[in-house]
Amino acid sequence: MKKEKEKIDLYQYEKELWNKGVNFIGGVDEVGRGPLIGPVVTACVILPKDFVLEGLTDSKQLSEKKRELFYSYIMEHALSVGIGIKDEKVIDEVNIYEATKLAMYEAVEHSKITPEHVLIDAMKLENLTMPSTSIIKGDAKSISIAAASVIAKVTRDHMMIELDQKYPMYGFKKHKGYPTKQHIEMIQKYGILEQHRKTFGPVKDYLLKKDQVK
């Protein structure tokens, strides 16, 4: 079964479009829907037809060291990389799903080359100006989406490492803002930061308890 999985042609969607004369294909993915703090980050990556990066797949399946190496390689060899970022204020205002969509539109807009077709991991973007294809588990099925997942993940991780330098007691470098036991314990101990998402469970609970104490 595992061998069959490895045989997935990561270029299948791209080849189909290239064969139809579509040259600039943007792979779009997001990172950061689950954390309790910070932004949701998206990337739109357009790769050249001869792009090869052995081992590239969904960024969650890669080690941190490999992601960093792949990030540098993709940034160097991609035709275009666009980044979209929506912070905790936008997330709290419109909800995480809508904020992710807004960030994805932004990533496409920030691409220096306008994609002729966009491949998106799972989500549907109805207001794009170009055709798009939504692919379930696309980061493991499309080379362009896999590349976007690495760019988005490393970009967001770097932001969390910066936050960790300001507030080392929260352990952001380790858990990247996800709702781990350590993160929730640190919220109870030190309170919430400006960057925490106020509409997310443990943060919301903390604020409710704080109000009740008043």
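Out of the stretch 113-214, which GluC sites (Glu not before Pro) are coil in DSSP terms and have no more than 15 other C-beta atoms within 10 Å? Answer by residue number: E126, E194. Ignoring aspartates and glutamates fewer than eight residues from K204 along the same chain, the ones with Cα atoms less than 20 angstrom from its Cα are D87, E88, D92, E93, E98, E185, E194.
State whether the stretch 29-124 is rounded, prolate or oblate according to the following rule on the C-alpha gyration tensor (a ≥ b ≥ c being the square roots of its eigenvalues): a/c under 1.5 gives rounded; otherwise a/b larger than b/c gives prolate, and the remaining case gives oblate. It comes out oblate by the Cα gyration axes. Tell me, how many Å apart are the Cα centres for the stretch 151-208 and for the stretch 62-141? When both Cα centres are located, 23 Å separates them. What pairs from K20/K112; K101/K209; K112/K173; K86/K137; K60/K181; K65/K141 go past 27 Å between their alpha carbons? From the list (K20/K112; K101/K209; K112/K173; K86/K137; K60/K181; K65/K141), the Cα-Cα distance tops 27 Å for K101/K209; K112/K173. Each of T42, T199, T129 was scored by other Cβ atoms within 10 Å of its Cβ. Arranged with the fewest first, they read T129, T199, T42. Note on the stretch 15-72: the C-alpha convex hull projects to 5.2 nm² when averaged across all orientations.
In a Gaussian network model over the chain where Cα atoms closer than 10 Å are linked, find which of I85, I37, I187 has the largest mean-square fluctuation. Most flexible of the set in this elastic network: I187. So I have (1) 21.0; (2) 18.0; (3) 18.5, and one of them is Kirkwood radius over Cα pairs in Å calculated from this model. Which one is it? Correct label is (2). Helix 96-109 and the longest principal axis of the Cα set of the chain meet at an angle near 40°. Using a Gaussian network model of the chain in which every pair of alpha carbons under 10 angstrom is joined by a spring, one finds that among N95, N23, N127 the greatest mean-square fluctuation is at N127.
Just so you know, all these numbers are worked out from the coordinates, no wet-lab data involved. Computed from a prediction, not measured in an experiment: that's the story for all the values here. In this analysis, Cβ positions are derived from the backbone assuming ideal geometry, glycine residues included, and neighbour counts consider all displayed protein chains.
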